[in-house]
Amino acid sequence: MNQIYWIAFKSMLVKEISRFMRIWVQTLVPPAITMSLYFIIFGNLIGSRIGQMHGFSYMEFIVPGLIMMSVITNSYANVASSFYSAKFQHFIEEMLVAPVPNYVIIAGYVAGGVVRGLCVGAIVTAVSLFFVPLQVHDPVSLVLTLLLTATLFSLAGLLNAIFAKSFDDISLIPTFVLTPLTYLGGVFYSISLLPPFWQGASQLNPILYMVNTFRYGFLGVSDVSLWLAYGLIAGCILVLYALVWFLIQRGIGLRS
């Protein structure tokens, strides 16, 4: 990436960070409040009745999943809303005619989504320390899973924004697809507790692999193969990137 492309990328990243930091009360505070309620209700009230899971208290078991859930939803929402706003306000055309490659445009938006996802993840982690002491089993796995997952869902948010024709369209996928997959992705339970059929069905959910690899980074336990999980996440990133690049290159969903 030459100097001009680097300046373009940095400008887009700064714009994206400034955008969600300017309205931090709407972007950073709600996840902290929501996760605090999860910790209180599921961790303290329900968790005390469930007991241990994989040798850890129920609160310790669900904390990694809740952190990952907040990273997924916020990295997705940031890019979906930001890119659609660019379409709605018609300044996406200025980027398309600028002497900047499509991969720089994609990288700028995705990096903004990753930063917001990591910021929210850090806030939720800090909140969780009020409820349970955290341990880190494998920091490399922890960081790698965070970055790959935030990148994947930032690309997914970008794909959603490309096809969206109204602000309502950018909320359909999170409501009817992302939220159910997240709740069924092993955030609140181990799939080893499920009957064989539902264990197999759960393994079709890609979020299960992200939650479990992230949980492994904290606790050292996982219901899935780590190598399979990383391969799946990396494969999804490549497919989404190629699709997003193709759509932007052809102007599909962008040019009126």
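The values are calculated or read from the model by the stated rules, or taken from the named source; none is laboratory data. From a predicted model like this one, the values you see are computed outputs, not experimental measurements. Heads up, the Cβs are rebuilt from the backbone with ideal geometry, glycines too, and the neighbour counts pull from every protein chain shown. SASA here: full protein model, heavy atoms, side chains in, ligands and nucleic acids out. Shrake-Rupley method; radii C 1.70, N 1.55, O 1.52, S 1.80 Å.
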Review point. Given the residues Gly185, Gly220, which is the only one that is touching a residue at least 60 places away in the same chain (Cβ under 8 Å) and in contact with a Ser or Thr (Cβ under 9 Å, 6 or more places away or on another chain)?
Key: Gly185
Check your understanding: Of all residues in the stretch 162-218 being closer than 18 Å to Leu152 by Cα and small (Gly, Ala, Ser), which is most open to solvent (accessible area, probe 1.4 Å)?
Key -> Ser171
Review point. Quick one: how many residues across the stretch 46-67 are closer than 18 Å to Ser36 by Cβ and among the small types (Gly, Ala, Ser)?
Key: 4
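Being of a type in the set (Val, Ile, Thr), open to solvent by less than 20 Å² (accessible area, probe 1.4 Å) and out of contact with any Phe, Trp or Tyr (no Cβ under 6 Å at 6 or more places or on another chain) is the requirement here; does Val120 meet it? Don't jump to the end; show me each part of the working.
On the way: of a type in the set (Val, Ile, Thr): yes; open to solvent by less than 20 Å² (accessible area, probe 1.4 Å): yes; out of contact with any Phe, Trp or Tyr (no Cβ under 6 Å at 6 or more places or on another chain): yes.
Yes.
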Point to revise | Unique match (being farther than 26 Å from Ile41 by Cα, among the hydrophobic types (A, V, I, L, M, F, W, C) and in a loop (DSSP other than H, G, I, E, B)) among Phe131, Phe167 | key: Phe167
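Tally the residues that are outside any helix (DSSP H, G or I) and buried (at least 17 other Cβ atoms within 10 Å of the Cβ), restricting the search to the stretch 8-36.
Residues of the stretch 8-36 that are outside any helix (DSSP H, G or I), as a first pass: 23, 28.
Okay, now just the ones that are also buried (at least 17 other Cβ atoms within 10 Å of the Cβ), so 28.
Summing the residues that are outside any helix (DSSP H, G or I) and buried (at least 17 other Cβ atoms within 10 Å of the Cβ) in the stretch 8-36 gives 1.
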Exercise for review: Please work out which residue is nearest to Ser75 (Cα to Cα), limiting yourself to the stretch 18-57 and to residues that are of a type in the set (Gly, Ala, Ser) and free of Cβ contacts under 8 Å to residues at least 12 places away in the same chain.
Suggested key: Ser18
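Looking only at the stretch 43-86, filter to residues that are assigned to a strand (DSSP E or B) and of a type outside the set (Gly, Ala, Ser); which one of those is least open to solvent (accessible area, probe 1.4 Å)?
Filtering the stretch 43-86 for residues assigned to a strand (DSSP E or B) gives 52-53, 56-57.
Subsequent filtering for residues that are of a type outside the set (Gly, Ala, Ser) retains 52-53, 56.
On the way: Gln52: 136, Met53: 19, Phe56: 34 Å².
Among them, the one singled out is Met53.
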Revision key, fill the gap. How many residues of the stretch 87-105 are in contact (Cβ under 8 Å) with a residue 24 or more places away in the chain, within 19 Å of Tyr241 (Cβ to Cβ), of a type outside the set (Phe, Trp, Tyr) and assigned to a helix (DSSP H, G or I)? The answer is 5
Check your understanding: Given (1) under 21 Å from Gln199 (Cα atoms); (2) open to solvent by less than 20 Å² (accessible area, probe 1.4 Å); (3) not in a helix (DSSP H, G or I), where does Leu254 come up short, assuming only one miss?
Key -> (1)
